[in-house]
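The values are calculated or read from the model by the stated rules, or taken from the named source; none is laboratory data. On a predicted model such as this, the values are computed, not experimentally measured, just so you know. A quick note on method: Cβ atoms are made from the backbone with ideal geometry, for glycine too, and the neighbour counts reach across all protein chains shown. Surface accessibility is based on the protein's heavy atoms, side chains included, excluding ligands, DNA and RNA. Shrake-Rupley method; radii C 1.70, N 1.55, O 1.52, S 1.80 Å.
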Amino acid sequence: MPVDPRAVLSRPAPDPDHTVAYGEHPDQIADLREPTVRGSARPLVVLVHGGFWRVEYDRRHLGPLAAALAGLGHPVAQLEYRR
């Protein structure tokens with residue numbers, strides 16, 4: 001049975017720890033997640049979403065993945081960008 005690709009849009013994830021701007025355009029922002037596991041330093045993971053150039057696909061659909069990576073001890077940045 002085929003999976004609806006839009007199902008990724010409804011998966012829940014906790015809110016990011018911070019949202020920061022990296023430019024002047026409203027879409028030039030990044031959600032940042034701090035590692036939830038402390039210990040040895042792990043590399044920053046930068047997630048850049050795909051999205052078929054459709055507005056409904058943005059950085060937020062990567063929230064569950066970002067939260068899982070933070071749970072493994074990685075700091076994570078989910079980038080949004082001008083389209």
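Tell me the residue from Val46, Val20 that is in a strand (DSSP E or B), within 12 Å of the chain's Cα centre (by Cα), surrounded by fewer than 14 Cβ atoms within 10 Å (Cβ to Cβ) and at pLDDT 90 or above, please.
Values: Val20 fails: within 12 Å of the chain's Cα centre (by Cα).
That would be Val46, the only listed residue that is in a strand (DSSP E or B), within 12 Å of the chain's Cα centre (by Cα), surrounded by fewer than 14 Cβ atoms within 10 Å (Cβ to Cβ) and at pLDDT 90 or above.
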For this session: Could you tell me whether the range 33-42 includes any residue that is surrounded by 12 or more Cβ atoms within 10 Å (Cβ to Cβ) and out of contact with any helix residue (DSSP H, G or I) (no Cβ under 7 Å at 6 or more places or on another chain)?
Result: yes
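This table checks each residue for (1) assigned to a helix (DSSP H, G or I); (2) of a type outside the set (S, T, N, Q); (3) within 10 Å of the chain's Cα centre (by Cα).
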residue: Val55; (1), (2), (3): no, yes, no
residue: Arg60; (1), (2), (3): yes, yes, yes
residue: Gly63; (1), (2), (3): yes, yes, yes
residue: Ala66; (1), (2), (3): yes, yes, yes
residue: Gln78; (1), (2), (3): no, no, yes
Problem set entry | Total residues in the range 23-43, condition farther than 14 Å from Ala67 by Cβ, modelled with pLDDT of 80 or more and among the hydroxyl-bearing types (Ser, Thr, Tyr) | 0
Problem set entry | Candidates Arg59, Arg33 - the one that is among the charged types (D, E, K, R), touching a residue at least 40 places away in the same chain (Cβ under 8 Å) and in contact with a strand residue (DSSP E or B) (Cβ under 8 Å, 6 or more places away or on another chain) | Arg33
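Looking at the range 30-61 only, could you name the residues that are under 14 Å from Pro75 (Cα atoms) and small (Gly, Ala, Ser)?
Once the filter is applied, which keeps residues that are under 14 Å from Pro75 (Cα atoms) and small (Gly, Ala, Ser), the range 30-61 yields Ala30, Gly39, Ser40, Ala41.
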Problem set entry | Of all residues making up the range 62-76, the number that are closer than 25 Å to Gly23 by Cα and either in contact (Cβ under 8 Å) with a residue 60 or more places away in the chain or open to solvent by less than 10 Å² (accessible area, probe 1.4 Å) (or both) | 4
